[in-house]
1. Which numbered condition in (1) under 16 Å from Arg361 (Cα atoms); (2) of a type in the set (S, T, N, Q); (3) modelled with pLDDT under 90 is the only one that Thr328 fails?
2. Being under 22 Å from the mean Cα position of the chain (by Cα) and closer than 30 Å to Cys316 by Cα narrows it down to one of Ala173, Ala263, so name that one.
3. Tell me which residues, restricted to segment 180-207, are buried (at least 16 other Cβ atoms within 10 Å of the Cβ) and part of a strand (DSSP E or B).
4. Looking at segment 66-92, which of the residues that are of a type in the set (D, E, K, R) and within 15 Å of the chain's Cα centre (by Cα) is most open to solvent (accessible area, probe 1.4 Å)?
5. Could you grab the pairs with beta carbons closer than 7 Å, sequence gap of 6+ or different chains, first residue in segment 61-81 and at negative phi and part of a helix (DSSP H, G or I), second one modelled with pLDDT under 85 and charged (D, E, K, R)?
6. Looking at (1) surrounded by 11 or more Cβ atoms within 10 Å (Cβ to Cβ); (2) at pLDDT below 90; (3) closer than 28 Å to Asn357 by Cα; (4) over 22 Å from the mean Cα position of the chain (by Cα), which one does Ala25 not meet, given that it meets all the others?
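The values are calculated or read from the model by the stated rules, or taken from the named source; none is laboratory data. A quick note: this is a predicted structure, and the numbers were derived from the prediction, not measured. Cβ sites come from the backbone with ideal geometry, for glycine too, and all protein chains shown count toward neighbours. All accessible areas refer to the heavy atoms of the entire protein, side chains included, with ligands and DNA or RNA removed. Shrake-Rupley method; radii C 1.70, N 1.55, O 1.52, S 1.80 Å.
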Amino acid sequence: MQKVLFQVLGGLCLMFCLYACKPQAGNDAWTAFTECGTSACVEEVLAVKDAFLKDPKAILTRFNESDEKGEDSVVGWLYILRDSVLVNSSFASIEERFALQQQILEAAKSFAEDPKFKDMANFVLDEVGALAIASELEDDVVEPATEPFNGTYAFELPNDGGSGELLVSQISAEQFKFKLTVVGGKPAHNQGMMEGTANILGSTADFSTSEFGGTCKLSFNFGDGVEITTQEGDPATCGFGNGVQADGVYRRTSFNDPFLSAADAKKVKQLQGNWRSLDDPKSVIKIVDGKYIDEYDGKEVSAAICLYYPKCPGDCGPAGGGACLKITAQDDVCYSLVSLTATNLELSPNTGRGNTNRYVRF
C-alpha cells in the first residue's frame, strides 16, 4: 500500500514539475525575438504579437523586464511591427491590417490604467494608435512622394530662347522652399525671380502669391524632373519681366540641397554611400541621392526619402539641437547624427531609449 502511495505521489510530482517548468508561449516568443534582434525578424515579431493578443499581461511583464534592464527591445518590436506588418501593403490587405491594429489597441487599453503596466501599455497605444491605416481606406488618399524633391533643376531653350533654374530644399513631408530664376529669350533677355514655400501634395506642389499686385499661382509636378505650370496670373503679377514665364520642364542637375551651408553640404556628401552595421553585419543602409535604403542579408527592406537638417526640427522629438536625418515615409523616423567620419557613422534614433547604431563604410 505504501509503495503504491509513493508511486501515485511521484506521478503527481512529475506532472506538477512538467507543468511548472514548461515555458509559457509568450515568454518563448519574446525570447526568440530578443535573440533575433534585427529588422528581418518578422516571424518573431508576429509571434510576439500573437502572444500579446492572447495574454497581454504576460507580454507586458516581459516588456517591463526588458525596460528595467535598459534594453531597447520593445522599441525594436514596435518599429518592425509598424514597418513590416501594419503599414506594409504587401503583408496583408488594408482591411486586415486595420483590424489587426484595432486588436492590438484593444489588448493594450485593458492595462492603460494599471499601476504596474500602464507605462508600457500606453507606449504601445501611442505608437500603434498613431498609424493612419484607416486613412488608406479612403478613395482620395494621396500617396506620399517616393523620390526626394531636394535639388537643382534647370532648362535651356535652343537658339538662346531662354533658360530657367529652380532650387529646392524640402522642409518637411508637406513643404519645400524654393528659389526660381527665369531668363527670357533674345533680344531683350528679360528676367524674373521668385522665392517662397510650396505646399506638397503627393508628387505635386502648389504656390500662390499676391506680392506683385495680383494673384500668381504656380503648380509643380515632379516626375522625371519637374514641370512648372502657371495656373493663374501673368508675368507682371508673378514678378517677372515682360514676356517671361516660368512654365516648362526643368531637368534635375543635382540632388544636393542648394540652401545648405558649405559645411553642411560637405556632411551630406560624406553621408553618401553604403554603410554596414558593426552590431549586425547583415544589416546595411545606403544613403544615396536623397534616399535612405535599408537592407538585410542582401535584400531591400525599405526605401524612403532622407532629409538632412543642420538642426533637428521640433517634430523629430528630443534631439539635443544638433544635426539629424529624417526618414520620411508613411510615418517619419528621425536619427540624430552622433558622429560622421570618412569611414564611420553613428546614428541615434530620437524616439525610444536612444541606443546608438554604429556603421562602417564599405
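1. The one condition Thr328 does not meet is (1).
2. Ala173
3. Leu180, Thr181, Val182, Val183, Gly192, Met194, Ala198, Ile200, Thr204, Ala205, Phe207
4. Asp83
5. Partner pairs satisfying both residue conditions: Val75/Arg353.
6. Tallying (1) surrounded by 11 or more Cβ atoms within 10 Å (Cβ to Cβ); (2) at pLDDT below 90; (3) closer than 28 Å to Asn357 by Cα; (4) over 22 Å from the mean Cα position of the chain (by Cα), Ala25 fails exactly one: (3).
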